[in-house]
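Let me begin by presenting the structure, written as structure tokens, before commenting on it.
None of the figures in this text is laboratory data; all of them are computed from the coordinates on show. This structure is a prediction, so every number in the text was calculated from the model and none was measured. Using ideal geometry, Cβ is built from the backbone for each residue, glycine included, and neighbour counts are taken over all protein chains shown.
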Amino acid sequence: MKRFLLVLALFTLSLSAFGQTYTAEAKFVCGRADSTVTDAFAFAPGTYYTSINVGNPNDEKIDTYKKIFSVALLRQKAGKVTQSIAWSLGPRESMQVDCSDIYGYLGVAPGTFIDGFVYFLGGPIRYTVTGVYTLTDGSRAVSQDVEEVTVTRQ
């Protein structure tokens, strides 16, 4: 009986792991922070840039994964959310998602101040996500940060 329960437990564990998928959420901040944003003490004055790299470190193709863009507004309000957008990467390939892509997917004029998240919804193959965040004063970079985004298995 103990042997049967052990086999059943291992079988159940393997089935639950088999259907799991990888997901990640990367922050983005794009555009010039206007007085509305700076007066609310939400962001420092300047122009913000985001570049998010997604990589496939595997020997197999990542196929038909999705990404969704979501804007966060001041005063705890939700903004626009896109439909899911397909993405795929071959073995060892990578892609960049930057402010121009984000503006395009959201239908927002380039340079408009926006911030929010890109949700990467995957499948059974693990991928990597890294964000590069830059703030300029108009003539030079005053801050730059590189953040590895946690990719979780659900």
Taking every pair of alpha-carbon atoms in the chain, give the share separated by more than 27 Å as a whole percent. 35 percent
Expressed to one decimal in nm², the mean projection of the alpha carbon convex hull of segment 83-153 is 6.2 nm²
Total lysine pairs under 21 Å (Cα atoms) in segment 16-136, excluding pairs fewer than 8 apart on one chain: 6
Compute the distance in nm between two label points, each set 7 Å from the Cα along the Cα-to-Cβ direction, one at Arg153 and one at Ala78. 3.0 nm
Calculate one ³J(HN,Hα) per residue across segment 21-33 by plugging θ = phi - 60° into the Karplus curve 6.51 cos²θ - 1.76 cosθ + 1.60, and present them in order as whole Hz with x for glycine and proline. 10, 9, 9, 8, 10, 10, 6, 10, 9, 9, x, 8, 6
Those residues of segment 93-125 whose amide nitrogen sits under 18 Å from the label point placed on Gln144, 7 Å along Cα→Cβ: 96-100
Mind checking the dipole of the chain: about its Cα centre, +1 per Lys or Arg Cβ, -1 per Asp or Glu Cβ, Debye to the nearest 20? 660 debye
Angle in degrees between helix 2-18 and the longest Cα principal axis of the chain, rounded to the nearest 10: 30 degrees
